[in-house]
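S.K.: Right, I'll just put the structure down here and ask away after.
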Amino acid sequence: MDQDFAHMVAAPKVPMLKPGVTTVMPITSAKDKAQRRLEVKARSTLMMGIPNEHQLMFNSIKDAKLLLEAVEKRFGEILDY
């Protein structure tokens, strides 16, 4: 029973197909996946440092580099120690 549940959780989600609409799925390599994982981790780390009352303002920025620039612009320069 546990193996079936683990299999169901790990199954990829397939987008619903609409008649007449073609969906192009890009081929991603392991290198692309690793780069995306690092990007998501960097953005998540930056978002944790933003006070709760300001997070909604920065939530729409999906790129970590642009997010850092917006945070620096809003709160001032970040010091390197």
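S.K.: Mind checking which residues of region 15-67 are charged (D, E, K, R) and open to solvent by 80 Å² or more (accessible area, probe 1.4 Å)?
M.R.: The answer is LYS18, LYS31, ASP32, LYS33, ARG36, ARG37, LYS41, GLU53, LYS62, LYS65.
S.K.: If you don't mind, there's one more thing I want to ask. Limited to region 68-78, what total is found for residues that are farther than 11 Å from LEU46 by Cβ and surrounded by 10 or more Cβ atoms within 10 Å (Cβ to Cβ)?
M.R.: 2
S.K.: Taking into account only those residues within region 1-22 that are in a helix (DSSP H, G or I) and small (Gly, Ala, Ser), which is modelled with the highest pLDDT?
M.R.: Filtering first and then ranking leaves ALA10.
S.K.: Could you check region 23-81 for helices (runs of 4 or more DSSP H) lying wholly inside it with 2 or more residues that are of a type in the set (Val, Ile, Thr)?
M.R.: Filter on region 23-81 gives 30-48.
The values are calculated or read from the model by the stated rules, or taken from the named source; none is laboratory data. Since the model is a prediction, treat every value here as computed from it, not as a measurement. Every residue, glycine as well, gets a Cβ built from its backbone with ideal geometry; the counts of neighbours run over all protein chains shown. Heavy atoms of the whole protein, side chains included, go into the accessibility calculation; ligands, DNA and RNA do not. Shrake-Rupley method; radii C 1.70, N 1.55, O 1.52, S 1.80 Å.
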